There are 2 protein chains.
Amino acid sequence: MKLNKVLIYGMGLMGGSLSLAIREIYPKTEITAIVRSEKSKKSIVEKQLAHQVFTISETTNIQWNQYDFVIFSTPVATLLEIIPSLPKTGETIFIDLGSTKQTIIDAVNKHFGENEHKYISTHPMCGSEHTGPESAIHGLYREKLCILTKPKLAKETVMESVKRFWESIGSWTIQMDAKSHDETLAYVSHLPHVISTILVNVAGNNKTTMDQVSSIAKPITGGGFRDMSRIAGSNSEMWTSIFKENRYFLQNSIDDFIKQLTEFRNLFLEESELDTSKIHSIWDLALKQKETIQKTK
Amino acid sequence: MKLNKVLIYGMGLMGGSLSLAIREIYPKTEITAIVRSEKSKKSIVEKQLAHQVFTISETTNIQWNQYDFVIFSTPVATLLEIIPSLPKTGETIFIDLGSTKQTIIDAVNKHFGENEHKYISTHPMCGSEHTGPESAIHGLYREKLCILTKPKLAKETVMESVKRFWESIGSWTIQMDAKSHDETLAYVSHLPHVISTILVNVAGNNKTTMDQVSSIAKPITGGGFRDMSRIAGSNSEMWTSIFKENRYFLQNSIDDFIKQLTEFRNLFLEESELDTSKIHSIWDLALKQKETIQKTK
């Protein structure tokens, strides 16, 4: 894949970190950034995250074909507005870093129709509760998984090039179809963000807890709460966008969660002794499944 | 407080790490451990966590008064069986590391009746998903919070001594009554463990997720799931005991969680557009409350 000129459209933590990764591995690449706000533009200039940077209002009629590689690092909703304007011919390879896939793949398939094209949807799994180009970090993509999703008529050779690109900056790759991606991500990423956020609000709504919290200068929480709340409330615009795009599977995952939590709650309904063997079996199952999911055993 | 002879009754991660802390700050103290299993005894000998160690079956009629300081590091249920056998007079100071307080305080108040005594209940907030004396670590109690709960007739000077003991090994202390402790801990510790465990089981019960998990040697989860699942399924015996002891407040916290999660789920009920401003306000509230609870702002 040629990487003389790269455009990163939308440059927050993910796009900014990707710029750092590209500059490390491909030092000759000229990187252009397009961002929404003057604030981001200023951060990008200060951190030298791109050779040139424009705000959206400074750009009209982007000449996509002047770039070898265009990386969309915007909310999915923004991307869906851009896809219909992409050129249907030319050598430019397009990727996005979208957190959901079905609506992107549908838009790409619709836009390119029966034409072969060079658009691959990708999802590097390395978000953070931090945001903005000022949070960009070196090595963000190293030893992280990047999920690749191929639209129907994307060229197989382009798929291979994009795979090699991600691997060249240190990521592992796996291919998933859009439905498998969105359903799996609902359970391992989107639901956890909902749960973390609700957990903080439930604690925050308990008067005794907040009275105790305010009675001492140190946190009364241990490592469990700290870890469980790390992602709470982060990046509301991005998550609202993700929830919209992945509404169906997110709903299912929340329903599954409410069902299992209600079953657990019902163990406490009886006045009699707790069914401790049932609790043990729920705990043991979680331990086993955690090892399977996290590949720790 | 005299610390010539200390007994740590029950020596897992917490008791073992406390032994390391005592040996560091009070090198002349002679530490005795009593544990349930031969396996624990072996680990304690290997890691030199005590000067002498006995299994429960090797000890009959413990002479509590030969120790200056007795630390109970057992499940609360075990502790509740021991409290009625403690001497009502003597110089020995007793503490426990129990994760719930009301049932312990009730048992202590009942046992000592109208006598002044030297039993203080404490709760160092530094658990871990690891267990057993082999997991004991140096510095576990440094810069951690220890909650102190005073039974009705515990001597005020003993309370002061116990407070100074914890501070001498590097902990911060705060005093809470039993009810405030148990209610607060339900929200910031017990509920998070339930939620983490259920989250893993919900993901583990989704076929698409598990198919994808098994299709690659690397984990497909990002940092969010990893953090949210760290405490899942850990230490089922201890947690079952905690849930029993703190049944009332745990139930309330789960009910609060189901209520807030159901309200969130209901935002998706309408066929129409998502109420994104409502999601933003839930997220913003969580961000604010997280900062308040964690004292990061």
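The values are calculated or read from the model by the stated rules, or taken from the named source; none is laboratory data. No experiment lies behind these values; they were computed from the predicted model shown. Note: ideal-geometry Cβ built from the backbone for every residue, glycine included; neighbour counts use all protein chains shown. Heads up: the accessible areas ignore ligands, DNA and RNA and are worked out on the full protein's heavy atoms, side chains in. Shrake-Rupley method; radii C 1.70, N 1.55, O 1.52, S 1.80 Å.
Just a few scattered comments:
- Across the copies of the chain, residue A:276 has label points (7 Å from Cα along Cα→Cβ) spaced 5.1 nm apart, shortest distance listed first.
- Anchor residue B:163: aspartates and glutamates whose Cα lies under 20 Å away (excluding residues fewer than 8 positions away in-chain): B:24, B:68, B:91, B:96, B:116, B:143, B:177, B:182
- For residue B:278, the aspartates and glutamates whose Cα comes closer than 18 Å to its Cα, not counting residues fewer than 8 places off in the same chain, are A:237, A:245, B:263, B:270.
- Estimated buried accessible area (total), pair A and B, 1.4 Å, Å² to nearest 100: 9300
- Set against the 2.2 N^0.38 Å expectation for a compact globular protein, segment B:7-153 has a Cα radius of gyration ratio of 1.00.
- Each of B:212, B:249, B:260 was scored by the projection of its Cα onto the charge dipole of segment B:181-266, and the greatest displacement toward the positive side belongs to B:212; charges sit on the C-beta of Lys, Arg, Asp and Glu.
- The mean sequence separation of alpha-carbon pairs under 8 Å and at least six residues apart, normalised by the residue count of chain A, gives a relative contact order of 16 percent.
- Other protein chain C-beta atoms within 10 Å of residue C-beta, averaged over B:61-70: 0.
- Taking all protein chains together and rolling a 1.4 Å probe, residue B:126 ends up with roughly 10 Å² accessible.
- The DSSP beta bridges internal to the protein assembly as shown are antiparallel in roughly 15% of cases.
- Segment B:181-266: Rg to Rh, with Rh as the Kirkwood radius over Cα pairs: 1.04
- Sites residue B:110 and residue B:207, calculated FRET efficiency, Cβ-Cβ separation with R0 41 Å, nearest 0.05: 0.20
- Local electrostatic count, residue B:160, Cβ distance below 15 Å [Lys/Arg +1, Asp/Glu -1]: +3
- Put a plus charge on the Cβ of each Lys and Arg, a minus charge on the Cβ of each Asp and Glu, and nothing anywhere else: the dipole of segment B:5-176 about its Cα centre is then about 60 debye.
- Put simply, when B:99-106, A:211-218, B:27-34 are sorted by average Cβ atoms within 10 angstrom per residue, most first, you get B:99-106, B:27-34, A:211-218.
- Order of exposure, largest accessible area first, which applies to B:43, B:281 with probe 1.4 Å: B:281, B:43
- Semi-axes of the equivalent ellipsoid for chain A, computed as √(5λ) from the eigenvalues of its C-alpha gyration tensor and ordered from largest down, come to 40, 23, 17 Å.
- Members of A:155/B:218; A:244/B:290; B:47/B:144; A:150/B:207; A:88/B:218; B:5/B:152 lying beyond 30 Å, as alpha-carbon distances in this model show: A:88/B:218
- Accessible area of segment A:5-176 divided out per residue, in Å², using a probe of 1.4 angstrom: 44
- Counting Cβ atoms of other protein chains within 10 Å of each Cβ in B:261-267 and taking the mean gives 5.
- Kirkwood radius, segment A:103-154, all distinct C-alpha pairs, inverse of mean reciprocal distance: 13.1 Å.
- Within chain A, antiparallel bridges make up roughly 15 percent of the DSSP beta bridges whose residues both belong there.
- Sorted largest first, extent of the protein assembly as shown alpha carbons per principal axis (Å): 90, 49, 41
- In this view, the solvent-accessible surface of residue A:23, computed with a 1.4 Å probe and all protein chains in place, comes to about 90 Å².
- Cα-based shape type of segment B:239-297, given that a ≥ b ≥ c are square roots of the gyration tensor eigenvalues and the cut on a/c is 1.5: oblate
- Angle in degrees between helix B:102-112 and the longest Cα principal axis of chain B, rounded to the nearest 10: 20
- Around residue B:55: net Lys/Arg minus Asp/Glu count, Cβ-Cβ under 13 Å: +2
- Per residue, the solvent-accessible area of segment A:181-266 (1.4 Å probe, heavy atoms of protein chains only, all protein chains present) comes to 29 Å².
- At a threshold of 40 Å², the residues of segment B:224-244 that become less accessible to a 1.4 Å probe in the full protein assembly than in their chain on its own are B:225, B:227, B:228, B:230, B:233, B:236, B:240, B:243, B:244.
- For residue A:212, net neighbour charge (Lys/Arg +1, Asp/Glu -1) across residues whose Cβ lies under 14 Å away: +1
- Across the protein chains, with a 1.4 Å probe defining accessible surface, the residues A:280, B:51, B:190 rank B:51, A:280, B:190 from largest area downward.
- Proximal aspartates and glutamates relative to residue A:39, as straight alpha-carbon distance under 15 Å, when same-chain residues fewer than 8 apart are discounted: A:58, A:134
- Accessible carbon and sulfur surface of the protein assembly as shown relative to its total accessible area, %, 1.4 Å: 49
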